[in-house]
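*Asks:* Got a structure for you, written out below as structure tokens; questions coming shortly.
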Amino acid sequence: MGLKDYFFRKEMRRRFRHGRFVSWSSVRSVLILAECATADEAAAVTSIADSVRREGIRVAVCIYTEAKEFSVTPSDELCVITKKDISLFGWPKKGVAASLLGRAFDVAVDLSPRQSWALRYVLVRAQVTMRCGRQGEAYDLYDFMIDDSSASPAELFRQTRLYLEMIRESGAAS
């Protein structure tokens, strides 16, 4: 186990929480996490967020990029974490994602193709009722995982949303 693993597991134990499944009909706020290499990938993620906003759901997006500079401008609803914003442990420096960590979300959806330390940190520190993402590494980060490593971010979000809608439908039938 590396030093990053040790401190990350320590942070997870310290922030132990009981997640619960949330139906899509009761979702009022969503946090979307994504790792983007280009501005086009970031635009695809923000278009997913815009489609959810049209339903009247509050959406915040957190994008991580390996680049030191990124052409996407951060805002209140869009947090951009670049390589220069990362500390020695691979976590965002203090204050970078503070606007997201101070709010509560019903669902967090990690659309990243792989788990990055920066997005793991945001996911663990955020006040989220249900965490969703790709099945991947051995950390117990998600309450709900989809095992599809080849799916695009839009397809992964569509599948996640479909399952959350099915939770509502199966709950209504009983």
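*Asks:* Which one of the conditions (1) modelled with pLDDT of 85 or more; (2) touching a Lys or Arg at 6+ places or on another chain (Cβ under 9 Å); (3) among the small types (Gly, Ala, Ser) does Gly133 fail to meet, given that it meets all the rest?
*Replies:* Status for Gly133: all satisfied but (2).
*Asks:* If you don't mind, there's one more thing I want to ask. What single numbered condition from (1) surrounded by 13 or more Cβ atoms within 10 Å (Cβ to Cβ); (2) in contact with a Pro (Cβ under 8 Å, 6 or more places away or on another chain) fails to hold for Ser149?
*Replies:* (1)
*Asks:* Among the listed residues Gly90, Gly56, Gly2, Gly95, identify the single one that is more than 18 Å from Tyr142 (Cβ to Cβ) and modelled with pLDDT of 80 or more.
*Replies:* Gly56
*Asks:* Residues of the range 85-125 being among the basic types (Lys, Arg), in a helix (DSSP H, G or I) and closer than 23 Å to Ala44 by Cα, which ones?
*Replies:* Arg120
*Asks:* Would you confirm, using the coordinates I've provided, whether Glu77 is touching a strand residue (DSSP E or B) at 6+ places or on another chain (Cβ under 7 Å), within 24 Å of Asp40 (Cα to Cα), modelled with pLDDT of 80 or more and charged (D, E, K, R)?
*Replies:* Yes, satisfied.
*Asks:* Does the range 153-174 hold any residues that are at pLDDT 90 or above and basic (Lys, Arg), and which are they?
*Replies:* Once the filter is applied, which keeps residues that are at pLDDT 90 or above and basic (Lys, Arg), the range 153-174 yields Arg158, Arg161.
*Asks:* Restricted to the range 30-67, and to residues that are assigned to a strand (DSSP E or B) and without any contact (Cβ under 8 Å) to a residue 40 or more places away in the chain, which residue is farthest from Leu111 (Cα to Cα)?
*Replies:* The selected residue is Arg58.
*Asks:* Right, Cys62: hydrophobic (A, V, I, L, M, F, W, C) and within 11 Å of the chain's Cα centre (by Cα) or not?
*Replies:* yes
*Asks:* Quick test of your reading of the structure: Thr129 fulfils all but one of (1) surrounded by 13 or more Cβ atoms within 10 Å (Cβ to Cβ); (2) out of contact with any Gly (no Cβ under 9 Å at 6 or more places or on another chain); (3) not in a helix (DSSP H, G or I). Name the failing condition by number.
*Replies:* With (1) surrounded by 13 or more Cβ atoms within 10 Å (Cβ to Cβ); (2) out of contact with any Gly (no Cβ under 9 Å at 6 or more places or on another chain); (3) not in a helix (DSSP H, G or I) applied to Thr129, the lone miss is (2).
*Asks:* Further question on the same structure: Do we have Ser150 as more than 15 Å from the chain's Cα centre (by Cα) and modelled with pLDDT under 85 here?
*Replies:* yes
*Asks:* Do you know which residues across the range 98-112 are at pLDDT 85 or above and either of a type in the set (Asp, Glu) or surrounded by fewer than 19 Cβ atoms within 10 Å (Cβ to Cβ) (or both)?
*Replies:* Scanning the range 98-112 gives Arg103, Ala104, Asp106, Asp110.
The values are calculated or read from the model by the stated rules, or taken from the named source; none is laboratory data. These numbers were taken from a predicted model, which means no experiment stands behind them. As a convention, Cβ positions derive from the backbone with ideal geometry for all residues, glycine included, and neighbour counts pool all protein chains shown.
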